[in-house]
Structure formats: structure tokens, C-alpha cells
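**Student:** Take a look at this one; I'll ask things after.
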Amino acid sequence: MKVLVTGGTGYIGSHTVLSLQEAGHDVVVIDNLVNSGEESVRRVAELSGRTPEFHNVDLVDEAALEDVFAAADFDAVIHFAGLKAVAESVREPLKYYYNNLVGTLNLIRAMDRHDVRSLVFSSSATVYGEHNPVPYVEKMEIGANNPYGRTKEQIEDILSDLGGADQRWRIALLRYFNPVGAHPSGRIGEDPQGIPNNLVPFIAQVAVGRREKLMVFGGDYNTPDGTCLRDYIHVVDLAEGHVAALNHVAEPAGIFRWNLGSGQGSSVLEVIRSFEKAAGQPIPYEVTARRPGDLPAFWADATSALADLGWATTKTLDQMCEDHWRWQKNNPNGYGT
Ligand code: WQD
């Protein structure tokens, strides 16, 4: 299939572009490069032997987006493009609502004009909010507790209403848990701009000497070792989940929601130990106050993706840390190395 990937130069996007090309799809990437660079596309081309077409396009630029659709005959779209930092979304909600919602509305209007109605959307476990029992199940009521998560929830509602009004739409809403790791080649990986918000990229930067030590946000939670539990998923497993979902929405049928997670939780201290093993060195850390908004523990009920898509995670936490470390060691300053 000819697939448009929005946000395809980013961490999850670039890994998905690689999986799509390895599965024989033709890929066109659009990205506004606000959080990533074109080097990741060059490296995906190096790894797959095929260069995806790239356009530096912002989804809020309707005319530029129309030019991309007019020049191609897409079969499907995978939509990653969006701002995704929870703390930043609390500080700058308007920026998040405008970018994530208007960008998505422009995209689905362009798809509608060009009769492209197969869509895989990058949603997030953050839509489950703080009141659902764990493990999270797709049919649960959702209710995000931050502007970033609310944009994901509102886009899910928009797409559900669209599919409800017009049965020609075939839409997969993929709720990711905690993506970590990197392609085993060590050539593509996570390259956060500035200070990493997330645990594993921060640990990786400590290990490579860019950060002095890790702050563990809270050691007094009601969990086995006092630190928070999360469902970490290898980014390559996540990418393969997108290929499986794409194949499913190629068939005429409605709106689907799938959790993409391992179905189990790992604690912050377990992640630290696993990364120390991978890097062969201690990771200095200090237990500090809890981070506002953090939940003690959550993980996925991953049974639907297995039943419907035949997809499940295959990689262990140790493999995630080994692959993340190989990327960081080989690229101490990310793509700027
Ligand atoms: C994991 C654990 C922290 C950093 C976030 C977003 C979510 C999704 C995935 C987009 C927590 C602890 C972290 C650090 C720490 N993103 N931690 N020190 O918060 O589960 O999810 O990323 O969809 O929307 O909310 O991931 O990696 O930030 O934190 O102790 O320097 O690591 O307290 O317990 P989180 P995370």
C-alpha cells in the first residue's frame, strides 16, 4: 500500500516507517521537524535500502497538506504528528489544542477530499486518566487529566463520530503505554530535545555522561519497591503493532481501539537495574519528591490486540534497555552526533 506517515521523522514514527518499508509498503513522510530532524529518514533509508519520500510540512498548513495529497494516491494514513509533552501541555494548553486538534482536522479533511479513509491514529494510555482500575481495557470510560491527554481523547471522539456518520471510514485508535528501546542496529532511536521528560531516555543520558544522575520521582508509593509501575513496550514491537493495525483497517470495517502494551508493569528501580546490566555500569540516582500527576501503577490488558491483530509484544525489559543503550552509546548526542 501507499501510506502517508505524519510525524514520520520522530521516535515512534521513524521506527514505524522502517517496519512499513520492510513489509513492502511505499511510504511518504510529512513532518514539521519541530521535535525531530530529517537524519532519521536518511538512516531509515540506509537500514531498509529504500528512501521514503519526505516533505517538510506542518499539518496546520492546509495548502501544503493539500499539495501532498494531490500529488499522491494514498491507500492509508498513519498519524503520529503532534505535540506530546504532558508538563508542557499544562503550561501551554492553547499551543497543544491548536496544533494537535487543528492539525488532525486538516488531515482528515484532506483524506475525505481525496477518498482516503483508512487511518491508524497514535493515541495514548494517558486517555485512561486516573480513575480506571488496572489493567486498562479498551472499553473502559476514558478521561484524561492533562491537556495533552485531552487532545488525544478529543481526537478519538472526533474519529469515532466520523466513523459513526460515514461507514466508509476504517480507523484504528492505538493506545500506547510506555515506548522505550531502539532498533537493534543502534542507528535510529529516541532523541529528545532538551532535558528528557521520560525515564529511560534520561537514564540513557546519565549512562553516556550527559546527565549527572537520575532523580527518582518518589519512593513511597504503595508498590512492591515504593516506585511507580509502568508498562514498558519496545519501540520495534510498537512499530510492528502499527503494521498489523494498518493491515486490519485495509478491510472495510468501522472504528477499533487497541492497547499496545506488554500487559505487565515494571518499577522504576527495576528499569534502573536492567539498564545498569545493559550498560555495564551503575546509574547514580537520588530518590526525590513525587512528580505531580504521576499515577502509582498502570499497565495494559493486551488481550484484544492479540485476539484481533495477532499482535503481542515480543521483547523483554532487558532487551529494551540493551537496544536503548546501543543507540545512546553509538549516538551520544542523538542524531546531532
Ligand atoms: C515513567 C516513570 C516517573 C523520569 C509519559 C506520558 C504519557 C506517554 C508516555 C505520550 C514514572 C518516573 C520519570 C525521571 C523518574 N507519552 N521518572 N524520573 O509518565 O508513565 O508517561 O510518557 O503519550 O502520556 O505521561 O512516563 O517515562 O515520564 O515516567 O522517576 O526523570 O518514571 O515518575 O513513575 P509516564 P515517564
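**Student:** Once both labels are modelled 7 Å past Cα along the beta-carbon direction, what's the N222-R109 spacing in nm?
**Tutor:** 4.8 nm
**Student:** Per residue, how big is the convex hull around the C-alpha atoms of the range 110-265? Give it to me in cubic angstrom, could you? Intermediate results must be reported in sequence, preceding the final value.
**Tutor:** Details: hull volume 24.1 nm³, N = 156.
In the range 110-265, the Cα hull volume divided by residue count equals 155 Å³.
**Student:** On to the next question. For the chain, what is the percent of antiparallel DSSP beta bridges, rounded to the nearest 5?
**Tutor:** If we restrict to bridges inside the chain, about 5 percent are antiparallel.
**Student:** Calculate, for the chain, the solvent-accessible area per residue in square angstrom, rolling a 1.4 angstrom probe over the heavy atoms of the protein chains.
**Tutor:** 41 Å²
**Student:** Pop a pseudo-label 7 angstrom from the Cα along the beta-carbon direction at both N145 and Q281 and give the gap in nm to one decimal.
**Tutor:** Distance between the two pseudo-spin positions: 3.6 nm.
**Student:** What figure, in Å² to the nearest 10, do you get for the accessible area of D73 with a 1.4 Å probe and non-protein molecules left out?
**Tutor:** About 120 Å², rounded to the nearest 10.
**Student:** Follow-up. Looking only at P184, P147, P252, which one moves most when the chain is put into a Gaussian network model with springs between Cα atoms under 10 Å?
**Tutor:** In the Gaussian network model the winner is P252.
**Student:** How large is the accessible surface of F69 in square angstrom, using a 1.4 angstrom probe and rounding to the nearest 10?
**Tutor:** 0 Å²
**Student:** Right, here's the next one. Can you give me the % of accessible surface on the range 182-337 that is carbon or sulfur? Probe 1.4 Å, all protein chains present, nothing else counted.
**Tutor:** With neighbouring chains kept in place, the figure for the range 182-337 is 50 percent.
**Student:** Average projected area of the Cα convex hull of the range 1-93, in nm²?
**Tutor:** 6.1 nm²
**Student:** From the phi angles alone, apply the Karplus equation (6.51, -1.76, 1.60; θ = phi - 60°) to the range 126-143 and give each ³J(HN,Hα) in whole Hz, x where the residue is Gly or Pro.
**Tutor:** Whole-Hz 3J(HN,Hα) from phi for the range 126-143: 4, 5, 6, x, 10, 10, 7, x, 9, x, 6, 10, 4, 7, 5, 4, 10, x.
**Student:** As a quick test, which of the pairs K95/K315; K277/K329; K2/K315; K277/K315; K84/K213; K152/K329 have an alpha carbon distance above 26 angstrom in this structure?
**Tutor:** K95/K315; K2/K315; K152/K329
**Student:** Principal axis lengths of the range 268-337 from Cα atoms, whole Å, largest first?
**Tutor:** Computed over the Cα atoms, the extents are 40, 32, 25 Å.
**Student:** Give the accessible area for Y335 in Å² (nearest 10); use a 1.4 Å probe, count only protein heavy atoms, and leave out ligands, DNA and RNA.
**Tutor:** Around 40 Å² of this residue is reachable by solvent.
**Student:** Also, quick follow-up: Hey, what number do you get for the chain at 222 nm if only DSSP H runs of n ≥ 4 count, each worth -39500 (n - 2.57), divided across all residues, to the nearest 500?
**Tutor:** Rounded to the nearest 500, it is -11500 deg cm²/dmol.
**Student:** Output wanted: per-residue J couplings in Hz (rounded whole) for the range 7-17, from phi through Karplus 6.51 cos²θ - 1.76 cosθ + 1.60, θ = phi - 60°, x for Gly and Pro.
**Tutor:** x, x, 9, x, 4, 6, x, 5, 5, 6, 4
**Student:** How would K139, K2 line up by accessible area, probe 1.4 Å, largest first?
**Tutor:** Final ranking, largest accessible area leading: K139, K2.
**Student:** Students sometimes get this wrong: rank V243, V34 by accessible area, probe 1.4 Å, all chains present, largest first.
**Tutor:** My answer, sorted largest first, is V34, V243.
**Student:** If you restrict to DSSP beta bridges whose two residues both lie in the range 142-267, what percentage is antiparallel, to the nearest 5? Provide the component values of the computation, followed by the final result.
**Tutor:** Details: 2 of 11 bridges.
Bridges in the range 142-267 are about 20 percent antiparallel.
**Student:** For the chain, divide the Cα radius of gyration by the Kirkwood radius and give the resulting Rg/Rh value with two decimals. Let's see the in-between values first.
**Tutor:** Values: Rg = 19.0 Å, Rh = 20.1 Å.
Radius of gyration over Kirkwood radius for the chain works out to 0.95.
**Student:** If you don't mind, another one. Sorted from largest down, give the three principal axis spans of the alpha carbons of the range 43-165, whole angstrom values.
**Tutor:** Answer, in whole Å and largest first: 45, 38, 29 Å.
**Student:** With each label point set 7 Å from Cα along the Cα-Cβ vector, what nm distance links A289 and K2?
**Tutor:** If labels sit at A289 and K2, their model points lie 5.5 nm apart.
**Student:** What is the diffusion coefficient of the range 199-320 in µm²/s, taking the Kirkwood radius over Cα pairs and the Stokes-Einstein relation at 10 °C with a viscosity of 1.306 mPa s?
**Tutor:** In µm²/s, the coefficient is 99.
**Student:** Please find, in a Gaussian network model of the chain (springs between Cα atoms separated by less than 10 Å), the residue of G241, G164, G263 whose mean-square fluctuation is greatest.
**Tutor:** G164
**Student:** While we're on this one: Specify the residue with the greatest mean-square fluctuation among R170, R257, R113, computed from a Gaussian network of the chain linking alpha-carbon atoms under 10 Å apart.
**Tutor:** Largest GNM mean-square fluctuation: R113.
**Student:** In percent, what relative contact order does the chain have, based on Cα pairs under 8 Å that are 6 or more apart in sequence?
**Tutor:** Values: 705 pairs, mean separation 64.8, N = 337.
19 percent.
The values are calculated or read from the model by the stated rules, or taken from the named source; none is laboratory data. Since the structure is predicted, the reported quantities are computational estimates derived from the model, not experimental observations. Don't worry about glycine lacking a Cβ; one is built from the backbone with ideal geometry, like all the others, and counts go over all protein chains shown. Accessible surface is based on the protein model in full, side chains and every heavy atom, while ligands, DNA and RNA are left aside. Shrake-Rupley method; radii C 1.70, N 1.55, O 1.52, S 1.80 Å.
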